[in-house]
């Protein structure tokens, strides 16, 4: 769905598509396979301030609950209500329609802490 150059990854398996100072965030395909059948997504509230590397969202599967971490600091400006209403979309399209939330980036330098797809893939 996204231009790979603008897509960065956190070691904690979140991806962030960076465009115009906004990060669209979801979990990697690897993460959704590990989590397995997602049955509940608790999204952050719009207006919430998040900090890079801190938990800001929870995904529950039939086997466990997993914290989702903010890949960058900033303010939540949009959430994917479709993912909350139909959590299986995160399994079906983790890099597309299964995105979770958007962050208005507070510090663009934090993007440098994220990995390219190839560097992320090498950690798996």
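Every read-out reported here was derived from the displayed coordinates using simple, explicitly stated rules and does not represent laboratory data. Here the structure is a predicted model, which means the values were calculated and not measured. Cβ sites come from the backbone with ideal geometry, for glycine too, and all protein chains shown count toward neighbours.
Observations
- The criterion of at least 1 residues that are over 13 Å from the mean Cα position of the chain (by Cα) and surrounded by fewer than 14 Cβ atoms within 10 Å (Cβ to Cβ) is met, among strands (runs of 3 or more DSSP E) falling completely within region 3-59, by 14-19, 38-42.
- Residue check, residue 64 in contact with a helix residue (DSSP H, G or I) (Cβ under 7 Å, 6 or more places away or on another chain) and free of Cβ contacts under 8 Å to residues at least 40 places away in the same chain: no
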